[in-house]
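Every read-out reported here was derived from the displayed coordinates using simple, explicitly stated rules and does not represent laboratory data. Values in this document were obtained by computation on a predicted structure and should not be read as measured data. Don't worry about glycine lacking a Cβ; one is built from the backbone with ideal geometry, like all the others, and counts go over all protein chains shown.
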């Protein structure tokens, strides 16, 4: 039988509600490497670099994606090649807000979204 949490031993740990482990990951470090124009994200299973131009083109805020239809408003081809991160700030414990050199700053990149972008970029590289 399991241990009674009231009688010593370890307390029961909350169980994840999702079966997809990548959705539970939180980066251990995140930094803008400006001279390489990449956002470096450290996860428990490795580090990934997301190019600034790629990341800006994937913004999913209401200015960049139609909230009702999901249609992308921002044409990634219009993102300047020299786009840069001017500032980043944590939003709660679930996301980062990025202020871009083109003035855009309304998008949040949740840990889940960043993880998805890292995995899609990795799959592109594996092809």
Item to check | Residues 53, 79 arranged by fewest to most Cβ contacts within 10 Å | outcome: 53, 79
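Between residue 91 and residue 47, 0.36 nm times their residue separation minus their Cα-Cα distance comes to what? Each step should come with its number before you reach the end.
On the way: separation 44, 0.36 × 44 = 15.84 nm, distance 2.14 nm.
The span from residue 91 to residue 47 would gain 13.7 nm if fully extended.
If the viscosity is 1.002 mPa s and the temperature 20 °C, what translational diffusion coefficient in µm²/s does Stokes-Einstein give for region 65-108 when Rh comes from Kirkwood over Cα pairs? Let's see the in-between values first.
On the way: Rh = 12.0 Å.
So the translational diffusion coefficient is about 179 µm²/s.
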Checklist outcome for this item: Two pseudo-spin positions, 7 Å from Cα along C-beta at residue 29 and at residue 99, lie apart in nanometres by 2.5 nm
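Can you tell me the equivalent ellipsoid semi-axes for region 24-126? Use √(5λ) from the Cα gyration tensor, largest first, whole Å. Working shown, then result.
Details: eigenvalues 79, 50, 43 Å².
After scaling each eigenvalue by five and taking roots: 20, 16, 15 Å.
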